[in-house]
Amino acid sequence: MQRNLAARVSRSLPQLNRHVFTQLSSRAIPIANARHAGLAHRNTWNIAPRTRVMQASTRYAHTDAGPAKSGGAILDATSFKGSVITEKHWKNQGSPVVDALIEPRAILHFMGFITQGVLPNGKKTDLALLEPDEFPLFMNPTSEWAPAPFNKATVPTVQKAMERLAGPEDLSGLTQELNNPEHFTIAHEYLTSVIAVFEYLNIPQIQKNMRDTFNNVSADLGEMQEALNARRKEQGVFAPELNLPALWEQFIRAQYEVMTSTAHSWVLARAAELRAPIVEKFASIPTETPHTPEMVTLSNRWNDLLAVVSMADFKIWLPMDGYTGHYPPSEIVAGLHNPDLANQEQSQDFSKLLIDRFAQRLDAARVQGPSAKNPNVPRHERLLMSSDLQDELRLKTRGQSPSPQPPVQPWIQQLLRGHQQIMSMDPQERKGLGFGIAIYRASKEISDNDWEELQRRVEAHLSAWGEDVQGSDELKPLLNLHWFDCKELDYDNQRPALALRSHYKEIRSSDEWTHKLAPSMFLVVDEGAVRSYLDEKYMALRRDQPGYLKGDFQGHVLAVDPDFDENPTPTVNTTRPAAKDPESGSIEYSGHMRIMGNLVWSELYPLLMTQSVILENIWLQSPEHPLHMYTGLTTPTQIESWKRG
């Protein structure tokens, strides 16, 4: 089973929320011109919240009092119990605070949308868009450019909108063998973790605060719209009137559609993969065979998967009732609108309908199906009937799904659009543009011959992603590793992460590299990385422990945050998980993180490129791994096996 960025979610709800919704920015907003709006923010430093950890004192938009009010009570995520199948995730939820639900970063993406017109689901809007000279006006208060009486604001619209979302203080897989029956529990937990996210997002208080946040931003955009339309009229610009609140509603609705359809289709596809070997096993067991412990296990697993799919049908929703400018249609819209959803979920009639349909199918099978000559319908046929019925009744719950397949992931869409823009430029102008990561050779203990082999392995492993991910085949040739040899740079090899930061920050700002490199991360191949790729015994000793997923022990590299402050100003006491990295001796996060090579392009790069998180947020998923390495998002059972080992 592939564990990909689009839908794999973590046991940690703060991290879950960051992956499902993407996060935004604490640093200053970059001023970009409209022509390059689709490219500019990928080349700015990561402006995701750089809090040391997520603290209970942080005021996000899901607090009871809102982001601008001090003392607002935060909904304690640890107090929520969830459903039977998600209970384990909630018990392992260690942080009471969950991140912003509509992230400030959504504003930057919205700005790209209103200049280019491309929605998160890849469709184009038919509403009026910004003129080229209007984009910078969002970065300046209306008092500096708008005609009266719309020139009262002294704070830029983008800043106001971001403060609505983050609060003013914030503006400073390779295959993991999850199809192996031995790992069914972990695979099942990956599915239920998705449902746990949407359980949280549909807590009434959370729904209210998301709605209020949206509506506040809509009001800010309404004021900006009046100022822009007045300016157009004053300057004699003949263009359709802007309707920024309508564009905002269209943008968020498309984002919610992508989120719900991606998560729902992923759960159903993975559940189908897990069902296949169960059906095959049952088909091999003669009908007259009495119940055995193995059959009980198979039956329980089948029922678990039926429950997961049913919960996905009923829980993976983001309704927009009460959102300014949103008018729910009369028909069902999968993931967004079903006026009778709560009644269907709680109704005994719906369960009775499933039972009645199942009985009818059994009767029909005895008369005209493959088992017409056999009074006892084989077990595996009964299993398939229950699954088919669930698919049939899904239309009653969710209506017609937006797409039979998950949509192209937004970050892939964004890079492919960026590439199209690059290719439309003059050859000389596009020479300095690209999508890449700097990677340093920082090991002195390896010969040049061995290094060539290692480099081949690293590059092959980093490119081993994207199976069944739409758009990946088109994107992968555009992604580049730019190698730097520390021997040529004459840097101290004892602390490579620290020593290389200054070099990286220097080239990051240079004309040659500024538009070619991911600005908020670089990679280092140090001694630990060399062993992971060349010393099979080193990895086998750890990989072959009972209960471990072999895919969690692969070659790895060091990801480094170039902007990490090793001497931060003391802040509120935190509960950062302590972990000792055997490679560096560090006892806590020190500005770098070990990550499996195949997750660099599929997870690390998009999370940082889209400014969803900073490196420390990803690192929070790594301390409990035996090598303190990021292996992708985890489940409670994975963590338990690591602790036992």
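The values are calculated or read from the model by the stated rules, or taken from the named source; none is laboratory data. Since we're looking at a predicted model, the values are computed, not measured. Methodologically, a virtual Cβ is constructed for each residue, glycine included, from the backbone with ideal geometry; neighbour enumeration extends over all protein chains shown.
Quick notes
- Filtered by the rule that a residue be touching a strand residue (DSSP E or B) at 6+ places or on another chain (Cβ under 9 Å) and either more than 11 Å from residue 602 (Cα to Cα) or of a type in the set (S, T, N, Q) (or both), region 449-467 gives 451, 454, 455, 458, 459, 461, 463.
- Scanning region 414-441 for residues that are of a type in the set (Val, Ile, Thr) and modelled with pLDDT under 90 yields a count of 0.
- Scanning region 502-511 turns up no residue that is touching a strand residue (DSSP E or B) at 6+ places or on another chain (Cβ under 6 Å) and surrounded by fewer than 18 Cβ atoms within 10 Å (Cβ to Cβ).
- Of all the residues in region 593-621, those that are in a loop (DSSP other than H, G, I, E, B) and under 17 Å from residue 193 (Cβ atoms) number 2.
- Some residue of region 572-586 being surrounded by fewer than 24 Cβ atoms within 10 Å (Cβ to Cβ), closer than 19 Å to residue 439 by Cα and at pLDDT below 90: yes
- Any hit, region 236-245, residues being at pLDDT 90 or above, outside any loop (DSSP other than H, G, I, E, B) and within 30 Å of residue 135 (Cα to Cα): yes
Residue-wise test of (1) modelled with pLDDT of 80 or more; (2) under 16 Å from residue 245 (Cα atoms); (3) under 18 Å from the mean Cα position of the chain (by Cα).
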{"position": "90", "(1), (2), (3)": "no, no, no"}
{"position": "111", "(1), (2), (3)": "yes, yes, no"}
{"position": "116", "(1), (2), (3)": "yes, no, no"}
{"position": "125", "(1), (2), (3)": "yes, yes, no"}
{"position": "129", "(1), (2), (3)": "yes, yes, no"}
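- Hits in region 457-491 (condition: within 22 Å of residue 444 (Cα to Cα), outside any helix (DSSP H, G or I) and not hydrophobic (A, V, I, L, M, F, W, C)): 482, 485, 490, 491
- Residue count for region 270-291, restricted to those that are surrounded by fewer than 17 Cβ atoms within 10 Å (Cβ to Cβ) and more than 19 Å from residue 381 (Cβ to Cβ): 1
- For region 415-447, a tally of residues being among the charged types (D, E, K, R) and assigned to a loop (DSSP other than H, G, I, E, B) returns 4.
- Failed item in (1) under 18 Å from residue 272 (Cα atoms); (2) of a type outside the set (A, V, I, L, M, F, W, C); (3) out of contact with any helix residue (DSSP H, G or I) (no Cβ under 8 Å at 6 or more places or on another chain), with residue 310 passing the rest: (3)
- Condition check for residue 296: surrounded by 18 or more Cβ atoms within 10 Å (Cβ to Cβ) and assigned to a helix (DSSP H, G or I): no
- Going through (1) over 30 Å from residue 429 (Cβ atoms); (2) part of a loop (DSSP other than H, G, I, E, B); (3) of a type in the set (Val, Ile, Thr) one by one, residue 514 falls short only on (1).
- Check on residue 509, at pLDDT 85 or above, of a type outside the set (A, V, I, L, M, F, W, C) and over 27 Å from the mean Cα position of the chain (by Cα): yes
- Scan of region 523-547 for residues that are at pLDDT below 85 and not in a helix (DSSP H, G or I), ordered by number: 544, 545, 546, 547
- Counted residues, region 499-532 - those being farther than 30 Å from residue 551 by Cα and among the polar types (S, T, N, Q): 4
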